[in-house]
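Novice: My questions all concern the structure below.
The values are calculated or read from the model by the stated rules, or taken from the named source; none is laboratory data. Owing to the predicted nature of the structure, the values given are computational and were not obtained by experimental measurement. Note that we place each Cβ from the backbone using ideal geometry, even for glycine, and neighbour counts take in every protein chain shown.
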Amino acid sequence: MDELEICYLSAVEMASAIKTRRLSPVEIMAAVLHRIERLNPRVNAYCTLVAESAIEQARQAEARVMRKDKLGPLHGVPVSIKDLIFTRGIRTTGGSRIYQNFLPQQDAIVVERLKAAGAIVTGKTNTPEFGWVAITDNPLFGVTRNPWNLELTPGGSSGGAAASVASGMGPLAIGSDGGGSIRIPASFCGVFGFKPSFGRVPQYPDFPGWETLGHTGPITRTVEDAALVMEVIAGRDDRDPSSLPDPGRRYLPLSGTDLKGLKVAWSQDLGYAPVDPQVLRITEAAVNTFATLGATVDAATPEVSSPEKPFITIVAARVAAVWQDKMEELGEQMTPSLARFIQGNSDKSATEYIEAGLEQLRYWQGIRPFFEKYDLLLTPTVTIPPFEIGIFGPKEIAGRKVSPLEWMAFTYPFNMTGQPAASVPCGWTDDGLPVGLQIIGRRFDDTAVLKAAFAFEQASPWANKRPPLG
């Protein structure tokens, strides 16, 4: 098996090949690290690589195989960690010059669990400073590029994670999502991204600011790989008081493509968002697949308005509360646009924040009846295809001027509600750029989202379509 074949194996295939001794962890790690060494200078997906440690851990993993030790479900499988997530002894910067030499003394819970399952951390993937925008660029490491077209953004804030997986620089990446930061780059990079229910994956320790909106989850090339990761990382930990009890559900096995009995809604615009015509055409065609798989599909939209204003208020108030007293000392080290955002929102009052929280609750009460009728809601993941690097987003979509968040109008509402949501690759534009379809599930019904995504993947497989990087 050559290097390219190894690097594009799924995590499930890698784990099986290691356990049956068809491939060694050292052979897999060497192939992945060589590909990172060759491609990362062009893509800039990784900001920190721990090659020596990864190879040494792969040697130890191989020794355990040869001794016939009991092996974890991810034994010897490479995994990357977003640079917002703490890793013990591995530089964790949050994309910020303020933390450029920070070495955490403990792993985040998700990293603890991955290591316990046998996964090997290869390094950290790039993110905008503190994950504050949905592109991937920062003053410390620079811009991450989309592997489908290096002049375009991979999205963000888990842009490095998605770009690494799409490029074959490892089968698994762990990202975080406070307003679309797993799903947007998954859509832009043509991979699978899963935002679990809020609290399903504990988050501790963490950079402050996203506690009420943030989710941690996997970015992979297959749905089965994401389900395998969820088997490992989901479950209660009281270090995160928002973490959910284990419901006793399993995420694997995923099997079958029969969606008979499932009631699915399709909303092309959530009632208020302009959508690029190519994105609309591609996602509408994908929705038809759910009908062919036996689901009942209705064109239907929740009777709610855009929650953009309360979302921005919550984010602005929390970020400003964390940093406003430190701006005189540290502001010049920050991304200039982030510094301006903090300074421009330092006057947010407690009343404004509480009112935004009440609007968040009202938004959920508007969404809730809709999901009493429907099992799933489908939307485009992003309203546009990937756009050029150097900007935060388009000013116009489908001939209509848009607000700063309207290009991501379909993702952040479901951080407000905490529901599980995924982005599945569903087609490519005339220019060969990926487009994602978003699948949103009922509150806490993560398994339904994964099962529907798996059924769609079996009917419209995407994993063998690769960016033109060689």
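Novice: Does segment 168-185 contain any residue that is touching a His at 6+ places or on another chain (Cβ under 6 Å), of a type outside the set (Gly, Ala, Ser), within 30 Å of Thr429 (Cα to Cα) and outside any loop (DSSP other than H, G, I, E, B)? Working first, answer last.
Specialist: Going through segment 168-185, the residues touching a His at 6+ places or on another chain (Cβ under 6 Å) turn out to be 177.
From the residues that got through so far, the ones that are of a type outside the set (Gly, Ala, Ser) too are 177.
Next, only the ones that are within 30 Å of Thr429 (Cα to Cα) stay: 177.
Next, only the ones that are outside any loop (DSSP other than H, G, I, E, B) stay: 177.
The answer is yes, given that some residue of segment 168-185 is touching a His at 6+ places or on another chain (Cβ under 6 Å), of a type outside the set (Gly, Ala, Ser), within 30 Å of Thr429 (Cα to Cα) and outside any loop (DSSP other than H, G, I, E, B).
Novice: Please state which one of Phe410, Phe341, Phe414 is surrounded by 22 or more Cβ atoms within 10 Å (Cβ to Cβ), of a type in the set (A, V, I, L, M, F, W, C), part of a helix (DSSP H, G or I) and out of contact with any Lys or Arg (no Cβ under 7 Å at 6 or more places or on another chain). So that I can check it myself, show each step before the final result.
Specialist: On the way: Phe410 fails: part of a helix (DSSP H, G or I); Phe341 fails: surrounded by 22 or more Cβ atoms within 10 Å (Cβ to Cβ).
Going through Phe410, Phe341, Phe414 in turn, just one is surrounded by 22 or more Cβ atoms within 10 Å (Cβ to Cβ), of a type in the set (A, V, I, L, M, F, W, C), part of a helix (DSSP H, G or I) and out of contact with any Lys or Arg (no Cβ under 7 Å at 6 or more places or on another chain): Phe414.
Novice: Looking at Ile85, is it under 16 Å from the mean Cα position of the chain (by Cα), buried (at least 24 other Cβ atoms within 10 Å of the Cβ), within 18 Å of Val322 (Cβ to Cβ) and among the hydrophobic types (A, V, I, L, M, F, W, C)?
Specialist: Spelling it out, Ile85 is indeed under 16 Å from the mean Cα position of the chain (by Cα), buried (at least 24 other Cβ atoms within 10 Å of the Cβ), within 18 Å of Val322 (Cβ to Cβ) and among the hydrophobic types (A, V, I, L, M, F, W, C).
Novice: Now a separate question. Can you find a residue that is part of a helix (DSSP H, G or I), at pLDDT 95 or above and more than 19 Å from the chain's Cα centre (by Cα) anywhere in segment 423-433?
Specialist: No, segment 423-433 contains no residue that is part of a helix (DSSP H, G or I), at pLDDT 95 or above and more than 19 Å from the chain's Cα centre (by Cα).
Novice: Is it the case that segment 363-382 has a residue that's at pLDDT 95 or above and closer than 20 Å to Gly131 by Cβ?
Specialist: yes
Novice: Could you give every pair whose Cβ atoms fall below 8 Å, whose first residue belongs to segment 443-470 and is surrounded by fewer than 16 Cβ atoms within 10 Å (Cβ to Cβ), and whose second residue is modelled with pLDDT under 95 and not charged (D, E, K, R), counting only separations of at least 6 or pairs across chains?
Specialist: Gln458/Thr257; Ala459/Thr257
Novice: Taking into account only those residues within segment 259-283 that are assigned to a loop (DSSP other than H, G, I, E, B) and of a type in the set (Ser, Thr, Tyr), which is surrounded by the fewest Cβ atoms within 10 Å (Cβ to Cβ)?
Specialist: By that ranking, first place goes to Tyr272.
Novice: Tell me, please, whether a residue that is among the polar types (S, T, N, Q), surrounded by fewer than 17 Cβ atoms within 10 Å (Cβ to Cβ) and on the phi < 0 side of the Ramachandran plot can be found in segment 322-332. Quick ask: steps written out before the conclusion?
Specialist: Residues of segment 322-332 among the polar types (S, T, N, Q): 324.
Still in the running and surrounded by fewer than 17 Cβ atoms within 10 Å (Cβ to Cβ): 324.
Those left that are additionally on the phi < 0 side of the Ramachandran plot: 324.
Yes, because at least one residue in segment 322-332 is among the polar types (S, T, N, Q), surrounded by fewer than 17 Cβ atoms within 10 Å (Cβ to Cβ) and on the phi < 0 side of the Ramachandran plot.
Novice: Report whether or not Pro245 is under 21 Å from the mean Cα position of the chain (by Cα) and free of Cβ contacts under 8 Å to residues at least 60 places away in the same chain. Outline the logic, then answer.
Specialist: Values: under 21 Å from the mean Cα position of the chain (by Cα): no; free of Cβ contacts under 8 Å to residues at least 60 places away in the same chain: yes.
So Pro245 does not fit the description; no.
Novice: Could you please find all residues in segment 298-314 being surrounded by 15 or more Cβ atoms within 10 Å (Cβ to Cβ), among the hydrophobic types (A, V, I, L, M, F, W, C) and free of Cβ contacts under 8 Å to residues at least 40 places away in the same chain?
Specialist: Those that are surrounded by 15 or more Cβ atoms within 10 Å (Cβ to Cβ), among the hydrophobic types (A, V, I, L, M, F, W, C) and free of Cβ contacts under 8 Å to residues at least 40 places away in the same chain: none in segment 298-314.
Novice: Pull up segment 192-248, narrow it to residues that are part of a loop (DSSP other than H, G, I, E, B) and among the β-branched types (Val, Ile, Thr), then point me to the one that is surrounded by the most Cβ atoms within 10 Å (Cβ to Cβ).
Specialist: So the residue we want is Val201.
Novice: Would you check if Gly155 is in contact with a helix residue (DSSP H, G or I) (Cβ under 8 Å, 6 or more places away or on another chain), over 21 Å from Ala317 (Cα atoms) and without any contact (Cβ under 8 Å) to a residue 60 or more places away in the chain?
Specialist: The answer is no for Gly155.
Let's see how each residue does on (1) among the β-branched types (Val, Ile, Thr); (2) part of a loop (DSSP other than H, G, I, E, B):
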| position | (1), (2) |
| --- | --- |
| Glu13 | no, no |
| Ile18 | yes, no |
| Leu23 | no, yes |
| Ser80 | no, no |
| Arg88 | no, yes |
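Novice: Something else: Failed condition for Leu293, given (1) touching a strand residue (DSSP E or B) at 6+ places or on another chain (Cβ under 9 Å); (2) farther than 23 Å from Phe444 by Cβ, with all others met?
Specialist: Only one criterion is unmet by Leu293, namely (1).
Novice: Does Thr429 qualify as being crowded, with 23+ Cβ neighbours inside 10 Å and either free of Cβ contacts under 8 Å to residues at least 60 places away in the same chain or β-branched (Val, Ile, Thr) (or both)?
Specialist: On the way: crowded, with 23+ Cβ neighbours inside 10 Å: no; either free of Cβ contacts under 8 Å to residues at least 60 places away in the same chain or β-branched (Val, Ile, Thr) (or both): yes.
No: the conditions fail for Thr429.
Novice: Looking only at segment 51-74, how many residues end up being touching a residue at least 60 places away in the same chain (Cβ under 8 Å) and hydrophobic (A, V, I, L, M, F, W, C)?
Specialist: Of the residues in segment 51-74, 4 are touching a residue at least 60 places away in the same chain (Cβ under 8 Å) and hydrophobic (A, V, I, L, M, F, W, C).
Novice: For the list (1) crowded, with 23+ Cβ neighbours inside 10 Å; (2) closer than 30 Å to Phe392 by Cα, I need the number of the one condition that Pro78 fails.
Specialist: Every condition holds for Pro78 apart from (2).
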